Amino acid sequence: MTGTTRSGGPLTLPAAPLEDWLRERYFQAETDISSSGVHNYRLGDLRALDPDLLDPAELDRLMFRDGPSLGDERLRTAVAARVRPGPGHVVMTTHGSSEALFLAFTALVSPGDEVVVPGPAYHSLSALAAAAGAVLRTWPLRPENGFVPDPADLRAVLSERTRLVVVNFPHNPTGACVDPRGRAELLDLVAGSRATLLWDGAFTDLVYDHPPLADPTRDLDRSLSFGTLSKAYGLPGLRVGWCVVPRELVPALVRTRDYLTLSLSPLAERLATVAVEHADTLIAPRLAEARRNRELLLAWAAASGGAVECPAPRGGVTAFPRFTGHEDTTGLCERLLSRHGVLAVPGRVFGHPDRMRIGFSCPPEELERGLAAISTELGTEPGAGAGVHTQARGRREGSG
């Protein structure tokens, strides 16, 4: 891997269908079962973790100056202590993982490069590569297999021209995930190719069947990983993320950043540091709640009389069920919002119009209200836990 930048014309970015769907509806909804992250924490929750946080005297001492290009040292140290990157890799903090992904694609992709992406995929993982001139090759996650990733399908699309393999496990929107053995197979396949692995770890801590997967940079030199406070930490509004990159790639990323953001806000980095230093305290209760909600969702789908077929999410906090009586759930999602104030995401934005993305890491009563509204529109029995009504604001999507 080298630190050289790509050559070619300016990026031409397509519309992001998911963001187009959420842009206005997010602010109209009373009940949000659309989100791919856990439900949000408040500033007071962070202050409870660090009583000195934002003490008036500390605020008065805070200097609003530009920070280091790689990010605040204390925050980078906290991220490194949690991620435990491999030798030769360094942490760079960014404006969410969205900026980190943009920097990486800009540095690594030249026109004509082949880039492998999962299908379906969150738009940032595919559109940024295509905009940089890449030829996309799809690693299909197959509905008939419950979207379980099959290394054989990855092997089939790798070639001598593959420049990057991009993955996000746990996966958005399906909740699919590789297990530790599958992770090892994935890394072996990439190691045996000429490609670099881009590992989007936004949902790393949100798994149900095994411990969180180890960061790939520990075992694979040609790898980058990405993280964010937006998904497992419940702090999307901070807009803080990070990437773990080979040291020799840093100059290329910083060179692009010099034209974008330069550095993060020192106030945001101070808050983010507290969050990462107390990560388990923030993540554990949200994961426990999501685990219970997942069972509620699966029980509801099972009680639908075949109207809803829902593969069990192995990680993350979204499910991607099929609605057997609908070729396109867009109209159903529109009715959920207009008649019930419920926000969900139609599967067409991920290329599967007969499905719907349902986020289940919200207060249980909010999930129950959303599922009951779907049952009403389908004309099925409400199923597990339906009938409780609340009003709660949604959360806007974003890579982090």
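The values are calculated or read from the model by the stated rules, or taken from the named source; none is laboratory data. In this text, all values refer to a predicted model and were calculated from it rather than measured experimentally. Because the Cβ atoms are built from the backbone with ideal geometry, glycine has one as well, and the counts that use them run over all protein chains shown.
Consider GLY201 carefully, then state whether it is within 25 Å of VAL165 (Cβ to Cβ) and crowded, with 18+ Cβ neighbours inside 10 Å.
Numbers: within 25 Å of VAL165 (Cβ to Cβ): yes; crowded, with 18+ Cβ neighbours inside 10 Å: yes.
Taking the combined requirement at face value, the residue satisfies it.
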SER124 under 30 Å from THR77 (Cα atoms), touching a strand residue (DSSP E or B) at 6+ places or on another chain (Cβ under 7 Å) and surrounded by 21 or more Cβ atoms within 10 Å (Cβ to Cβ): no
Cross-chain or 6+ apart pairs with Cβ under 8 Å, segment 84-111 first and assigned to a helix (DSSP H, G or I), then of a type in the set (Lys, Arg): GLY96/ARG239; GLU99/ARG257; LEU103/ARG257; THR106/ARG6; ALA107/ARG6; LEU108/ARG6; LEU108/ARG163
Single condition GLU289 does not satisfy, out of (1) without any contact (Cβ under 8 Å) to a residue 12 or more places away in the chain; (2) not assigned by TED's automatic domain parsing to the domain that holds ARG181: (1)
Condition broken by GLU248, with the remaining ones in (1) among the charged types (D, E, K, R); (2) over 24 Å from VAL207 (Cβ atoms); (3) in a loop (DSSP other than H, G, I, E, B) satisfied: (3)
Residues of segment 212-238 satisfying the condition of being in contact with a Leu (Cβ under 6 Å, 6 or more places away or on another chain) and assigned to a loop (DSSP other than H, G, I, E, B): ASP219, LEU220, LEU229, ALA232, TYR233, LEU235
Matching residues in segment 21-39 - criterion: being surrounded by fewer than 24 Cβ atoms within 10 Å (Cβ to Cβ) and closer than 21 Å to ASN168 by Cβ: TRP21, LEU22, HIS39
Evaluation of ARG181 against (1) under 25 Å from ARG137 (Cα atoms); (2) touching a residue at least 24 places away in the same chain (Cβ under 8 Å); (3) not hydrophobic (A, V, I, L, M, F, W, C) (one fails), failing number: (2)
Hey, ASP280 modelled with pLDDT of 95 or more and farther than 30 Å from GLU58 by Cβ or not: no
Any hit, segment 333-340, residues being more than 30 Å from PRO180 (Cα to Cα), in the same structural domain as PHE27 (by TED's automatic domain parsing) and among the aliphatic types (A, V, I, L, M): yes
Residue list for segment 352-398, restricted to those being modelled with pLDDT under 95, within 24 Å of the chain's Cα centre (by Cα), among the charged types (D, E, K, R) and surrounded by fewer than 24 Cβ atoms within 10 Å (Cβ to Cβ): ARG393, ARG396
Options PRO251, PRO311; residue that is more than 18 Å from the chain's Cα centre (by Cα), surrounded by fewer than 24 Cβ atoms within 10 Å (Cβ to Cβ) and not assigned by TED's automatic domain parsing to the domain that holds LEU70: PRO311
